[in-house]
Amino acid sequence: MEVSFAGKRVLVTGAGQGIGRELAKKLVKCGAKVTAISKTEKYLKSLQEESPTIKIVTADVSSPDIRKTLRLLGPFDCLVNNAALAILEPVLETTEESFDKLFNVNVKGVFVVSQEVARMMVENKIKGSIVNLSSQASKCALRDHLAYCASKSAVDMLSKVMALELGEHGIRVNCVNPTVVMTAMGKIGWADPAKADPLLQRIPLHRFAEVEEVVDPILFLLSDKASMISGIEVPVDGGFLAC
């Protein structure tokens, strides 16, 4: 199924690496005018070298200045909240600092960026689409993931309330909830069989997700092909949550 974003202005956060990076490049191939945000300038510059039409902006979604930055960049037709942070600590060793960092980026960052972009959509009468990157960790307890699981669960409910209230303006909001994804970092983090095998045994397809297997559902949910879909969470987990 072909999707087109011809003439659409799309904002992707966390676009320097991994899912966000590949998504930004594929959106360009589908005709979108992409603005890519990351807090790491070197990754953005290399992204622009690969796809020169992408507008790059070095910014932190948890920064107090992010609203002003977005106002200068917008409005947008579509938004993907991909920026996220992972700090894995056991329950008894989770620090308040780690907890706050995760929630500032994973939850408050999604809230602030979505609120500002949605306001511009409403002001400009844009029937837009927002996709938030959540995780299978929002639905299932995982060891050493206290703050991460809690933050992604918050993203799911934040998205549902946004879908409820923004629907009257023609704005759709959905989540994509992947398992471990084989980005460069994912390959490093899950290369140890002692760590990977127990999780793989719980995935009926017995493998982790490839980047494009997450990018494609995001593209679908952003597109007009999903024009009646809002307020849902799409697991990309090989059946993990079915067990």
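Per-residue Karplus couplings for the range 238-243, computed as 6.51 cos²θ - 1.76 cosθ + 1.60 with θ equal to phi - 60°, are listed in order as x, x, 3, 7, 7, 8 Hz, Gly and Pro entered as x.
Over the chain, calculate the relative contact order: mean separation of alpha carbon pairs under 8 Å at least 6 apart, over the residue count, as a percent.
Computed over the chain, the figure is 19 percent.
Using only alpha carbons, the chain has a radius of gyration to Kirkwood radius ratio (Rg to Rh) of 0.95. Is it possible to state the helix-based mean residue ellipticity at 222 nm for the chain, with each DSSP H run of 4+ residues giving -39500 (n - 2.57), the sum divided by total residues, to the nearest 500 deg cm²/dmol? What is it? The per-residue figure over the chain is -12500 deg cm²/dmol. Centroid-to-centroid, using Cα positions, the range 167-232 and the range 45-78 are 23 Å apart. Dipole magnitude for the range 21-114: about 660 debye, using +1 per Lys or Arg Cβ and -1 per Asp or Glu Cβ, origin at the Cα centre. For the chain, the Cβ-based charge dipole about the Cα centre amounts to some 700 debye (Lys, Arg positive; Asp, Glu negative; other atoms uncharged). Taken over the range 14-91, the alpha-carbon convex hull comes to 110 cubic angstrom per residue. Summing charges over neighbours of residue 187, with a neighbour being any other residue whose Cβ is under 13 Å away from its Cβ, gives 0 when K and R count +1 and D and E count -1.
Express the Stokes-Einstein translational diffusion coefficient of the range 173-226 in µm² s⁻¹, to the nearest whole number, given a Kirkwood radius over alpha-carbon pairs, 37 °C and a viscosity of 0.692 mPa s.
264 µm²/s
Converting phi to 3J(HN,Hα) with the Karplus coefficients 6.51, -1.76 and 1.60 and the offset θ = phi - 60°, the range 19-26 yields 4, x, 5, 5, 4, 4, 5, 6 Hz in sequence order, with x at every glycine or proline.
Taking only the C-alpha atoms of the range 67-198, Rg followed by Dmax gives 16.4, 52 Å.
Using 24 Å as the Cα-Cα cut-off, could you pick out the over-long pairs in 8/68; 29/152; 33/152?
Over 24 Å Cα-Cα: 29/152; 33/152.
Relative intensity of the range 142-194 on a log10 scale, I(q)/I(0) at q = 0.14, 0.30, 0.32 Å⁻¹, equals -0.55, -1.12, -1.16, per a Debye sum over C-alpha point scatterers of equal strength in the absence of solvent.
Note on the chain: dipole from Cβ charges, positive end direction compared against 84, 30, 40; the farthest Cα belongs to 30. Largest mean-square fluctuation among 124, 132, 82, in a Gaussian network model of the chain whose springs join Cα atoms under 10 Å apart, belongs to 124. Ranking of 58, 179 by neighbouring Cβ atoms within 10 Å, starting from the fewest: 58, 179. If the chain linking residue 140 and residue 196 were pulled fully straight, counting 0.36 nm for each residue of separation and taking away their Cα-Cα distance, it would gain 18.5 nm. Between residue 183 and any residue 5 or more places off or on another chain, the built amide H atoms are never under 5 Å apart. Summing Lys and Arg as +1 and Asp and Glu as -1 over all other residues whose Cβ lies under 13 Å from the Cβ of residue 129 gives a net charge of +3.
Among 16-24, 150-158, the peptide with the highest mean count of other Cβ atoms within 10 Å heads the list, and the full ranking is 16-24, 150-158. Whole-Hz Karplus values for the range 46-51 come out as 5, 5, 5, 5, 6, 9 Hz, taken residue by residue from phi with 6.51 cos²θ - 1.76 cosθ + 1.60 and θ = phi - 60°; glycine and proline positions read x.
No lab work stands behind these numbers, since they all come straight from the coordinates. Being a predicted model, the structure only gives us computed values, none of them experimental. FYI the Cβ positions are ideal-geometry reconstructions off the backbone, even for glycines, and counts take in every protein chain you see.
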